[in-house]
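Peer 1: Dumping the structure here so I can ask a few things about it.
Read-outs: derived from the displayed coordinates by stated rules, not from any lab. Because the structure is predicted, anything quoted here is derived from the model rather than measured. All Cβ positions, glycine included, derive from the backbone under ideal geometry; neighbour counts span all protein chains shown.
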Amino acid sequence: MRLALPLLLSALALTACGAPALSEPATPASKPAPAVVPAPAASKETKVMSDTEFTSINGQPLDLTALGAKAILVVNTASRCGFTPQYKGLQELYEAKKDEGLIIVGVPSNDFGSQEPGSETEVKTFCEINYGVTFPLTKKYPVTGAGQHPFYAAAVKAIGEGAQPKWNFHKVLIKGDGTPIKAYPSSTRPADAELIADIEAALGG
């Protein structure tokens, strides 16, 4: 009995200190909560413009394939160029052929000689006041180099280097579905017989 008494006293002392009783199993240490890994921030993707999608000079979407045209003549333009008077011929051509399904689209660009330095508002006002332009105009776009509108890269791929603008008032004739047909240098006037014949063929097709 004397030997059992010290053992009993030791057990009572351990219990008083917070240690687990001899008859109770020790509580296992809890596992640490897993670290919360923050979700990656959503990347801001820049919408890649398709070959035929532009923004109009008024800031509205302008998709060439949604114009309901049979043929479209795309012309990169400038207000301070020796070819700027071609606006008059382009407007005349548009008025003569629009009822047959021709749409002319002007693409103002400052790529050549910095000859289109003004804002979209200034370009629009210039065209309307000086040439009575009523055919669609896009906002200003690069038509050459790494930043060129994809329309021109697609045209070059489809019909060759002749589709790449070398100066203002270069022209690309396409079908209403956006398929490039033929390109014409800046010196080709809107009343050029070959251009007119190609337009009429596209309208007939």
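Peer 1: With both partners inside the stretch 53-204, how many of the DSSP beta bridges are antiparallel, as a percent to the nearest 5?
Peer 2: The answer is about 60 percent antiparallel.
Peer 1: Taking H as built 1.01 Å from N, whose amide H comes closer than 5 Å to the amide H of L67, not counting residues under 5 places away?
Peer 2: Distant-sequence amide H within range of L67: zero hits.
Peer 1: Give me the one-decimal nm value for the distance between modelled label points at T144 and K157, 7 Å along each residue's Cα-to-Cβ direction.
Peer 2: 2.2 nm
Peer 1: Which length gain, in nm to one decimal place, applies between K166 and I196 when the Cα-Cα distance is subtracted from 0.36 nm times their residue separation? Let's see the in-between values first.
Peer 2: Values: separation 30, 0.36 × 30 = 10.80 nm, distance 2.16 nm.
So the extension gain works out to 8.6 nm.
Peer 1: For the pair T188 and E92, how long in nm is the line joining their label points, each one 7 Å along Cα→Cβ?
Peer 2: Here the modelled spin labels are 1.8 nm apart.
Peer 1: Further question on the same structure: If I take every Cα pair under 8 Å that is 6 or more residues apart in the stretch 53-204, average their sequence separation and divide by the length, what percent do I get for the relative contact order?
Peer 2: Value for the stretch 53-204: 30 percent.
Peer 1: Now for a different question. Take the alpha carbon gyration tensor of the stretch 47-152, find the square roots of its eigenvalues, order them as a ≥ b ≥ c, and report rounded if a/c is under 1.5; if not, report prolate when a/b exceeds b/c, else oblate. If you can, show how the numbers build up before the last one.
Peer 2: Working: a/c = 1.65, a/b = 1.04, b/c = 1.59.
The shape class here is oblate.
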